[in-house]
1. May I ask what percent, to the nearest 5, of DSSP beta bridges between residues of the chain are antiparallel?
2. Tell me the angle of helix 126-137 to the major Cα principal axis of the chain, expressed in degrees between 0 and 90 and rounded to the nearest ten.
3. Using the basic label-point model (7 angstrom from Cα toward the beta carbon), what is the K172 to I54 distance in nanometres?
4. Per residue, how many Å² of accessible area does the chain show with a 1.4 Å probe?
5. Charges on Cβ only, +1 for Lys and Arg, -1 for Asp and Glu, centred on the Cα centroid of the range 1-122; of S9, L116, F66, which one is farthest towards the dipole's positive end?
6. Taking only DSSP H segments of four or more residues, each worth -39500 (n - 2.57), what value at 222 nm results for the chain once the sum is divided by all its residues, to the nearest 500 deg cm²/dmol?
7. Report, please, the projected area of the range 88-134 averaged over directions, based on the convex hull of its C-alpha atoms, in nm².
8. For F36 and N205, calculate 0.36 nm times their separation in residues minus their Cα-Cα distance, and state this gained length in nm to one decimal.
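The values are calculated or read from the model by the stated rules, or taken from the named source; none is laboratory data. Fair warning: this is a prediction, and the values are worked out from it, not measured in the lab. Cβ coordinates were reconstructed from backbone atoms using ideal geometry, including for glycine residues, and neighbour counts include every protein chain displayed. Surface areas here come from the heavy atoms of the whole protein model, side chains and all, with no ligands, DNA or RNA. Shrake-Rupley method; radii C 1.70, N 1.55, O 1.52, S 1.80 Å.
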Amino acid sequence: QNRLAGVFSVGKRTVFYNGSPKQLRYFSDLRIHPDFQKSMLLIRMSRFLKSNKIVQENEISYAVIFSENKTMTDLIEKVDDHFLKKTSLLKFTLYGDYCSYVVPLSKRRKKRRSNLKIRKAEVEDIETMQIFFNKEAASKQLYPCYDFSCLDDSYYYELKINDFYLAFEEEKLVGITGVWDQRRFKQTKIYSYSGFLKSVRPLLNVVSKITRGFILPEPGEKLNYFTLHTILTQDNDPKIFKDLLEKIYADNYRSKFSYFLCGLDKNDGLCVVFNDFTKRIVKGGVYSVSFDTEIGRGDSISPNFYLETARI
């Protein structure tokens, strides 16, 4: 009746899959109006994708579902293969665990010595960056395929070459990490707090100011943060990533940004770097998505993945 009941996205992106570039669909932005959440709408969405051949029966796609989305995670656990085949509902198979690190930029950190030279990238670095990227990124499943000569393209909106930090060992490039300020097109806004949190927020903020932790903003405020992206180090070395992270932190300490985000495979060796940082961790799952109920973890995508937080 001309009333919007739900939205979802099944766009494609080019990522590394078994070491080679491949276009895979990424399921995201599923929102169903509360009045329709107990209806057949999700099944109708799946049937629409299948009947219109938007998603092929044996096609593998992927999605990220955070643990706080209990409605979706509970549904995935309850539905069996017989129901999936009967209703043409897509099957979500847990592939791996995802950790999103939220790191405040309010705590002074001790300077540490580094044997690496770390600086921001320049146009003259693009060719070297691309060679390094093509070698290292291909070793991780689902890593987005980037072309640093195309930063003017809308796929890299608001991203500039000097938003990339480079780590050099003597004259050799051994690490890349970018920062992305997406506030012009992607915001997180605080609408309200629950009753308990609303009452204790002033006290928590006093403690946070003393400990240099997280400040809970006023309702209606937008959060100021940037996102780490294009995280790559030679042989996935966490020491290189630690030096890059320290430099990025120092450059943004007590700046206009309150914190930054970084997402990694829970089993990625780079995660150990965050043991030395004040942070909060938002957990989720990476799922393979398909109409083929025979597709499981072992048949879809192998371990050691990289999901770009900036593109979730």
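1. 90 percent
2. Approximately 50 degrees, to the nearest 10.
3. If labels sit at K172 and I54, their model points lie 4.8 nm apart.
4. Spelled out: the 1.4 Å probe surface of the chain, per residue, equals 57 Å².
5. It is L116.
6. Calculated mean residue ellipticity at 222 nm is -7000 deg cm²/dmol.
7. Taking a quarter of the hull surface, the average projection is 8.3 nm².
8. Fully extending the segment from F36 to N205 adds 57.0 nm.
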